[in-house]
Amino acid sequence: MSAVLQMAAAATDAGPARAQMLDAVRAVASGSLAAMVDEIDRVGTYPESVLRELGKAGAYRAQTALDGQPDFVAAIQAITEVSRVCGATGFMVWCQSACTLYMEKCGNSVFRGERFERHVRGDTLGGTALSNPMKAMTGIEPMLLKAERVEGGHVVNGTLPWVSNLGKDHYFGGAATVVASGQASHEIMFMVPCDDPAIELRECPSFAGMEGTGTWGVRFTNFFVGSDRMMADPVRPFLDRIRAEFILLQVGMGLGVSQGAIDSMWDVEQQLAHVNQFLEDRPAALQVELDALADRTFALARIASEGGQPALLDVLDVRAHASELALRSAQSALMHQGARGYLLSSAVQRRVRESHFVAIVTPAIKHLRREMARLSSPVTPS
Amino acid sequence: MSAPALAVCGADAAAAFRQYICRACGLIYDEATGDPDSGLVPGTRFEDIPDDWSCPLCGVGKADFEIYVPQARVAQAGSPSHAGHGRRDELGVVVVGAGAAGWQMARVLRERDANVPITLVTSCSGDVYDKPTLSVALARAISLAALVKETGAQAAARLKVRLMAETHAISVCAGTNALRTTRGSVRYKSLVLAHGAAPRPDPALPADLCWAINDLRCYAKFRQAVDASGEAQRIVVVGAGLVGCELANDLALTGHAVVLLDVADRPLANLLPARSSQDLLDAWAPLAIEFMGNTRVKQVKKTDFGMSVETDSALVLNGDHVLAATGLQTPGRLAQSAGLAWNNGISVSTDALRTSVPNIFALGDCISIDGQATRFIEPIARQAQVIAAHLTGCAPPTYTHVRPLVRVKTGSRRFTV
């Protein structure tokens, strides 16, 4: 059999597995997640059981090489389906997915095996604290955590203002600048178990939305990083390797929030089309734009699934587009629903705040545009 | 409120349950599920609901509910009212690029239509200048400031154009008629690509070490670097085509020492017959231009003493600056994202300069006609006229592609080809 035919056969094998996983994810989203979405938003309840259910449904496994070729399209679709119902939970699925990326790709075998299996099954949950390092490495803000070399490893100190998808028995990937005699030399990345005595989880101020995301301030006091916690040293080459996947997975949040908003517009079309026809951004037009964006995103995700590196400029562009579309869709959904969408209990109201989050979470629209401008500028001698 | 416990009898249950929608808040009362919180057991018919019952969500009365028969989404999408669209602004023409082609396009379009909205998106400042002048500016002692004939803002005000300067066009969503940029999306009725061509990347001539002069911004940086030293510079020019020869000529006329390299055995080998190339070399004899033919650059390095150019025959040339003039290629990003046909550039129809997507046109250095790119000034004005006529619905002149006359502005010995 030719190599091409073998690839085609593998692709059709992935089809039913993907469909089965997405059906299971949809069932969780429209079942136990939909039942508590208001509580997540209004009371701030962390939907731990839903996140575990999603793991059992296979939402975190699709992107891994555990069953052969990774399927980033399926992973993005899973995040989309969850975000369509609840943006906050969709964001936590992304947190878990980002952590999955770190564990699988960092090359330290302590994060593989049974520990990895438990993670992708959702038996254990984790997050990511790379917002600050990602911004620091593109010159937007300084690194918040500082590491010092000590016998057998490093000691980390500092405070991160907010890290999501955390709990007492959770963990996350973080990064710090190694400082030697007052000079920053490079960055290291490491796994942080929240139950380590050197780690203190602190209450965050109330956010406008996205409550229930297990978001905490994290203070590091002489947190020790030995070889069993080290993920990357130095960090930059590692981040360059995973940046495209990290960002592409986030696009799922934007696709889902947009789709949820379009759904809400259709909900009132029958009663309100006679007035809604005067609005810009009507549901059918938004759907065309959303479908085209999803196609573009999946084409890039397929490159990543096959082990290639999609062009970063394209990845940043779909991520920015997803944010812009989420904002426009959520805003338009509110205009379409009118007073009923202005009720505090309305999903439309919640989704407006979720769309704001999609647009400001790192990389925010402004960061993406800045980076796209940098990548597009011709290089000249200095 | 009084909430009678309503028994659901068999006859009622047989009829299909209906739904009623609150006109105020959109809450749906479903007879099948009732409103247990208000004492209406599942199966309570709407007409059996006491008159003092109120909407559990917004509190309006029973009279504010109406029958609700959900329609399929496809049926709604087909309704006349669905088709309506509010518009934020009138969609006009969006032009990408503010070189000669972009500004010509804007000027000609404005002449034909005083009101059509024109947006010009450019990664540079939008300042108006003559590109061919860049290769003769030193000898004519034209200052950088004098190269700018009009600022972008002035040209935009004069032509009533919305100028998006320092804005990179990233992709085209042809399905929704939107250009995505680093300053947000711009929707268009028609899109005109005039973004030109860019220096062809060459691993032997890294962009962070070699000057590739293709626009005013890069030329200005190069001029500043050359002028900053205050003395004659040693400059290695790689590529003896039109741009390489003209720049070498200009630099040598102002006292700089130039080594001009080319893989061919003579300058302007693709443009001139051998005898004319020799005429040029003869004319250069009194100047500090050394031509080295049959030479390919292997690598360029920065050393403590300046730049070092190693050729594939292991010759090492040292200089203060290296200029790369080895040719251009059309960036494919926008065309590819829009799904435009591509043939050594953006493929356009010969008569209308239309791309394979009907409302996207292209002109200037970025296009190819029958697979041929022509990167000269002369055809641009005629191309802009043709496109403008199509965009404004006038009877268009037919574009006839002829190989333009090329003036070789090597001041020591001029040619017209």
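Where a number appears in this text, it was derived from the coordinates with a stated rule and is not lab data. As the structure is a prediction and not an experimental result, all values here were calculated from the model. Note: ideal-geometry Cβ built from the backbone for every residue, glycine included; neighbour counts use all protein chains shown.
Sort A:24-31, B:167-174 by packing, meaning the average of other beta carbons within 10 Å per residue, with the highest value first.
Working: A:24-31: 19.0, B:167-174: 22.9.
In descending order of packing, they fall as B:167-174, A:24-31.
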Practice task
Would you work out if segment B:335-413 is rounded, prolate or oblate? Take a ≥ b ≥ c from the square roots of the eigenvalues of the alpha-carbon gyration tensor; rounded if a/c is under 1.5, else prolate when a/b is larger than b/c, oblate otherwise.
Solution key: oblate
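Report the rotationally averaged projected area of segment B:156-290 based on its alpha-carbon convex hull, in square nanometres. Before the final figure, lay out each step's value.
Working: hull surface 49.7 nm².
Computing the convex hull of the Cα atoms and averaging its projections yields 12.4 nm².
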Practice task
Ignore the peptide's own chain and count Cβ atoms of other chains within 10 Å of each Cβ in A:292-301; give me the average, rounded.
Solution key: 1
Handout entry: Charge tally in the Cβ shell below 11 Å around residue B:94, where Lys, Arg are +1 and Asp, Glu are -1, residue B:94 excluded
Key = +3
Fill in the blank from the handout: For the residue A:168, residue A:109 Cβ pair and Förster radius 22 Å, calculated FRET efficiency rounded to 0.05 is 0.25
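Pull out a ≥ b ≥ c, the square roots of the eigenvalues of the alpha-carbon gyration tensor of segment B:252-295, then state rounded if a/c is under 1.5, prolate if not and a/b is larger than b/c, and oblate in the remaining case. Walk me through the numbers on the way to the answer.
Working: a/c = 2.53, a/b = 1.43, b/c = 1.77.
It is oblate, given that a/c is not under 1.5 and a/b is not larger than b/c.
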Practice task
Return the sequence-ordered ³J(HN,Hα) values of segment A:186-203 in whole Hz as given by the Karplus equation 6.51 cos²θ - 1.76 cosθ + 1.60 applied to θ = phi - 60°, using x for Gly and Pro.
Solution key: 6, 10, 10, 10, 8, 8, 10, x, 5, 8, 5, x, 7, 10, 10, 8, 10, 4
Fill in the blank from the handout: Residue by residue through segment B:121-126, the couplings from Karplus 6.51 cos²θ - 1.76 cosθ + 1.60 with θ = phi - 60°, in Hz, x for Gly and Pro, are 9, 9, 7, 9, 6, x
Completion exercise
Of all DSSP beta bridges with both partners in the protein assembly as shown, the antiparallel percent, nearest 5, is 65 percent
Fill in the blank from the handout: For chain A, percent of DSSP beta bridges that are antiparallel (nearest 5) comes out at 85 percent
Practice task
Can you give me the three principal axis dimensions of the protein assembly as shown from its C-alpha atoms, in Å, biggest first?
Solution key: 112, 79, 57
Problem - chain B: angle of helix B:100-112 to the longest principal axis, Cα-based, in degrees nearest 10 - result: 60 degrees
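Could you rank the peptides A:314-323, B:45-54, B:197-206 by their average count of other C-beta atoms within 10 Å per residue, with the highest value first?
Values: A:314-323: 26.5, B:45-54: 14.3, B:197-206: 16.2.
Top of the packing list down: A:314-323, B:197-206, B:45-54.
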Problem - Average partner coverage of A:313-325, which counts Cβ from other chains inside 10 Å - result: 3
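To the nearest 20 debye, what is the magnitude of the charge dipole of segment A:3-124 about its Cα centre, counting +1 on the Cβ of each Lys and Arg and -1 on the Cβ of each Asp and Glu? If you can, show how the numbers build up before the last one.
On the way: 12 positive and 14 negative charges, 37 e Å.
Using only the charged Cβ atoms, the result is roughly 180 debye.
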Fill in the blank from the handout: Interchain or sequence-distant (5+) residues whose placed amide H lies within less than 5 Å of the amide H of residue B:329 are B:198, B:200
Exercise for the section: Using only the alpha carbons of segment A:1-160, determine the length spanned along each of the three principal axes and report them from longest to shortest in whole angstroms. Expected result: 52, 50, 32
Practice task
Name the residues whose placed amide hydrogens come within less than 5 Å of the amide hydrogen of residue B:40, ignoring near sequence neighbours (fewer than 5 apart) on the same chain.
Solution key: B:35
Exercise for the section: Using the charge dipole of the protein assembly as shown (Lys, Arg: +1 at Cβ; Asp, Glu: -1 at Cβ; taken about the Cα centre), state which of A:246, B:169, A:327 has its Cα farthest towards the positive end. Expected result: B:169
Exercise for the section: Find the centroid of the Cα atoms in segment B:257-298 and in segment A:116-164, then give the distance between the two in whole Å. Expected result: 58 Å
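Need one value for A:269-277: mean number of C-beta atoms belonging to other chains within 10 Å of its residues' C-beta atoms. Walk me through the numbers before you get to the answer.
Values: counts 8, 10, 5, 2, 9, 5, 2, 4, 8.
Across A:269-277, the average partner-chain Cβ count within 10 Å equals 6.
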Completion exercise
For segment A:237-376, the Kirkwood Rh over every pair of distinct alpha carbons, in Å, works out to 15.7 Å
Completion exercise
Compactness summary of segment A:322-382: radius of gyration and Dmax from Cα atoms, Å, are 16.7, 59
Fill in the blank from the handout: Measuring from the longest principal axis of the C-alpha atoms of chain B, the long axis of helix B:274-284 (C-alpha) lies at a number of degrees, nearest 10, equal to 70 degrees
Exercise for the section: Write down the radius of gyration of chain A and its Dmax, each obtained from C-alpha positions, in Å. Expected result: 20.9, 73
Practice task
For segment B:154-168, take each phi angle, set θ = phi - 60°, evaluate the Karplus expression 6.51 cos²θ - 1.76 cosθ + 1.60, and give the result in whole Hz per residue in order, putting x for glycine and proline.
Solution key: 5, 5, 5, 5, 4, 9, 6, 10, 7, 9, 9, 7, 6, 10, 8
Problem - Size of chain B as Cα extents on the principal axes (Å, biggest first) - result: 113, 55, 37
